[in-house]
1. Using amide H atoms built in the peptide plane, which far-off residues or other-chain residues are under 5 Å from Ala49 H to H?
2. How charged is the neighbourhood of His339? Take every other residue with its Cβ under 12 Å from the Cβ of His339, and add Lys/Arg as +1 and Asp/Glu as -1.
3. For q = 0.07, 0.11, 0.13, 0.14 Å⁻¹, what log10 I(q)/I(0) does the chain give under the Debye formula with an equal point scatterer on each alpha carbon and no solvent?
4. So for the stretch 242-363, averaging the separation of alpha carbon pairs under 8 Å that are six or more residues apart and normalising by length, what relative contact order in percent results?
5. Take the Cβ-Cβ distance between Lys281 and Ser148 as r, set R0 to 45 Å, and report the resulting FRET efficiency rounded to the nearest 0.05.
6. Of Asp45, Asp103, Asp189, which has the largest mean-square fluctuation in a 10 Å C-alpha GNM of the chain?
7. Within the P(r) computed for the stretch 305-415, what percentage of the Cα pairs occupies the region above 25 Å?
8. On a full-extension model of 0.36 nm per residue, what is the gain between Glu270 and Ala28, subtracting their alpha-carbon distance, rounded to one decimal in nm?
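Every number here is computed from the coordinates shown, using simple stated rules; none is lab data. No experiment lies behind these values; they were computed from the predicted model shown. For neighbour counting, all protein chains shown are included, and Cβ atoms are generated from backbone atoms with ideal geometry for every residue, glycine included.
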Amino acid sequence: MRDTELYQTLLGLTPPWEVTAVNIAQPAAGRPLGEIVIRVRWRPDAPLACPGCGSAAPGYDSRPRRWRHLNTMQWKTFITADVPRVNCPKCGVKQVRVAWAEDSSRFTELFEAFAIQVLKACRSKVQAQWLTALSWDQVDRIMERAVSRGMKRRSLDHLTTVGLDEKSFGKGHDYVSVLHDIEGKRVLDVVPDRTREAADTLWSTIPKAQRQGIAACAMDMWENYMEATRAAAPQASIVHDKFHCAKELNKAVDLVRRAEHRELKAQGEETLTKTKYLWLKNPKNWTERQHEHFAALKVDTLKVGRAWAIKEAFAEFWRYHYTASASKFFDRWYFWATHSRLPAIINAAKTLKRHLPGLLAYTKHRITNAVAEGTNGRIQLIKANARGYRNFAQYRIAILFHCGGLDLYPVGCAP
């Protein structure tokens, strides 16, 4: 079998495309691997048709193109062709579509699929570069095309519960806002900042028809997120995430501990030294040593002990399934908290009281941003492996590539 016939078969090419030559470039200085260049052409006697409307059209000219293909053994392999263009009376001058690559791509569909698999498996782009022998920019382009392809194919028809969350991007108070599909366990989109405008932009990525089917949205008590949700999906219940409520109460307990620790140290006592995480950690996760340490403390005599007890008691709220029962529990707990004579606890209780409808909504829609917290861990790993991102656009693409649950592969090339 001739080399042209071999590659015609391997590429699966059918008329009017045909392999006319196979050229081999031997390894040279600065190029440790050789290259195989497969020359393909459109048969001169084959009729031309417009790729837009499909009607027959006269030829206009041809453009030389080159695509990277899967390696042959250890040799880099490329396809080259002079791709015809037609002059369609309806659509104008259009380039004929090739059978092995998508429009405007410099890689064959099979190579893009391979590169996507490598990128999904690697910890960083640098590793993917080494395995695919691509440049940084080429890897970026493949990721961008994959995400663009996946976003166009994505279906939001069965979207019922979503979550709004924030994630740090750069140093300091530099954040991005993330919209999650809670049931689908995927990131829907990411925008810079956590302003009202950012939240509006996130909601606008969901078509109005799909927004009307959303029953609930989990979020923290950030007013910008709440206002944007009421405007974009007024029928959706706002459910305040219990992890953020726990964070609010933990913050209050820590403020009480710090103030009391200063008072005790002024009296020469070290009772609360190295106890910070004892008060903030879930008792179920205490080590044996921490259990012993806690038992040795005279908790009832400490202000932080009272604050901790109030914080722990609130966990019972999330077990109620009936709104009326949850509301009665909250009233009893609120009375206790606001009569504790602990300013930090009183302020935290008032914050929760202001957002009580969002807390009570949990009895009907038992959703949290736990999926978002898990995704945030994956996002943090992506960020750490890349040693950070200076460009938000690339940060967004990386998140959607790895966490968007998208169909990233070219047609017919999924593994």
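1. Ala57
2. With Lys, Arg at +1 and Asp, Glu at -1, the neighbours total +3.
3. For the requested q values the scattering log ratios are -0.53, -0.95, -1.15, -1.25.
4. Relative contact order here is 32 percent.
5. FRET efficiency, Lys281 to Ser148: 0.55.
6. Per the Cα network of the chain with a 10 Å cutoff, Asp45 tops the list.
7. Summing the P(r) tail past 25 Å for the stretch 305-415 gives 50 percent.
8. Stretched out fully, the Glu270 to Ala28 stretch lengthens by 79.9 nm.
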